[in-house]
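J.: Quick one: this structure, given as C-alpha cells, is what I'll be asking you about.
The values are calculated or read from the model by the stated rules, or taken from the named source; none is laboratory data. Fair warning: this is a prediction, and the values are worked out from it, not measured in the lab. Cβ placement follows ideal geometry from the backbone for every residue including glycine, while neighbour counts extend to all protein chains displayed. Please note that ligands, DNA and RNA were not included when accessible areas were found on the heavy atoms of the full protein model with its side chains. Shrake-Rupley method; radii C 1.70, N 1.55, O 1.52, S 1.80 Å.
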Amino acid sequence: MSLIYTTPSRQFPTGVSLSLQRRLALIDYAARTHSWIIEDDYDSELRYGAAPLPSLQSLDGSGRLIYTGTFSKVLFPSLRLGYVVVPDALLDQFIELKHLSDDHLPLVDQATLALFLESGAFYSHIRRCRREYAARHALFLDLFARSDLPLTFEHSDGGMNVVGFLPDGSDDAAWSRRLQEEGFDVPSLSHYAIEPTRPGLVFGFTAFPADRLRAEFKRIRPILEKLAKVHRR
Ligand SMILES: Cc1ncc(COP(=O)(O)O)c(C=O)c1O
C-alpha cells in the first residue's frame, strides 16, 4: 500500500497536465495496489483555453481518492482556507487528525466565505478573474512571440505562472540572478528541481494589468537579449 500525491490539473511550476489515459492508469494502479491518491487541485479554476480534463476524483470509482482544493489562488493566500473531500472510509480518521493538528480555525473567515459562496458572488468573481487573467496571459505570450527572444512557452493553458524554456545548456539560475539584480523576481526552473532539469524561467503574469505588462516587457527584453547573446558565445 502507498500514498500517491499528485497535481493532475497542473504541475507547478511546469504547467503540464496529466492526460486522460494516464489519469485512468493512475486510478487503476491505486486500485490494484490498494493505495490512496491525494489529488491536489489547487488552481483548476484558472483555465484559459480548452475545458479542463475530468478530475481524478470524478473518474474514480474505487473510493481511494482524497481530493483537496484551496482558496489561496482564487481569493488570497493569507486567508489560509482550503478544503478536502475524503472517502467515507477515511472520514473518522480525518476528523481525528484535524482535531490533533489544529482545532481552532478562524470561524469568522469561514462564515464570511460561506456567505460569499452562497450568494453566488464567488462564481462571478472567478469568471471575472478568469477573463482578466486570460487577457493578461494572452498579452504576455504575444509580447514574447513578437520578439526574437529564444524562450519557448510550451505548457500554457492556465494557472498564474508560465515557464519560458531557455536554450539547452543555459544556466537558468544565472539568468534568474541577473534579472533579480534588475528588480525582476523570476525564479529559475532549476530552483524547484531535485534532479537536473531543462533550463527555464518561471514568470508570474496575473498580478499585472496590460499597461504594466507592456512597460515591464520593454524593460526586461534588452536584459534577456543580452543574456541570450552571452549564451550564444
Ligand atoms: C502544488 C500546490 N498545492 C497547493 C497550493 C496552495 O497551498 P495553500 O492552500 O496552503 O496556500 C499551492 C500554492 O502555491 C501549490 O503550489
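J.: Of all the residues that make up segment 152-174, how many are under 12 Å from TYR133 (Cα atoms) and assigned to a loop (DSSP other than H, G, I, E, B)?
T.: 3
J.: Every residue in segment 88-104 that is closer than 30 Å to LEU59 by Cβ and open to solvent by 70 Å² or more (accessible area, probe 1.4 Å), please.
T.: Listed by number, the residues that qualify are ASP88, ALA89, LEU91, ASP92, GLN93, ILE95, GLU96, LEU97, LYS98, SER101.
J.: So, in segment 20-56, of the ones that are aromatic (Phe, Trp, Tyr) and open to solvent by less than 70 Å² (accessible area, probe 1.4 Å), which residue ends up nearest to the ligand (Cβ to nearest atom)?
T.: Here the residue is TYR42.
J.: Only one residue in SER62, SER17, SER101 is at pLDDT below 95, farther than 30 Å from GLY164 by Cβ and within 16 Å of the ligand (Cβ to nearest atom). Which one?
T.: Sole residue among the options that is at pLDDT below 95, farther than 30 Å from GLY164 by Cβ and within 16 Å of the ligand (Cβ to nearest atom): SER101.
J.: Next question. Any residue in segment 211-224 that is loosely packed, with under 14 Cβ neighbours inside 10 Å, charged (D, E, K, R) and not in a helix (DSSP H, G or I)?
T.: No, that holds for no residue.
J.: Taking segment 121-149 as the region of interest, how many residues are modelled with pLDDT of 95 or more, open to solvent by 30 Å² or more (accessible area, probe 1.4 Å) and outside any helix (DSSP H, G or I)?
T.: Of the residues in segment 121-149, 1 are modelled with pLDDT of 95 or more, open to solvent by 30 Å² or more (accessible area, probe 1.4 Å) and outside any helix (DSSP H, G or I).
J.: Right, here's the next one. Inspect all residues belonging to segment 196-206 and state whether any of them is within 23 Å of SER72 (Cβ to Cβ), aliphatic (A, V, I, L, M) and touching a residue at least 24 places away in the same chain (Cβ under 8 Å).
T.: Yes; the residues of segment 196-206 include at least one that is within 23 Å of SER72 (Cβ to Cβ), aliphatic (A, V, I, L, M) and touching a residue at least 24 places away in the same chain (Cβ under 8 Å).
J.: Hey, among the residues in segment 65-87 that are open to solvent by 40 Å² or more (accessible area, probe 1.4 Å) and within 23 Å of SER2 (Cβ to Cβ), which one's farthest from the ligand (Cβ to nearest atom)?
T.: For segment 65-87, the residue satisfying everything is VAL85.
J.: What is the residue count in segment 175-189 for residues that are open to solvent by 80 Å² or more (accessible area, probe 1.4 Å) and either within 16 Å of ALA207 (Cα to Cα) or part of a loop (DSSP other than H, G, I, E, B) (or both)?
T.: Looking only at that region, the number is 1.
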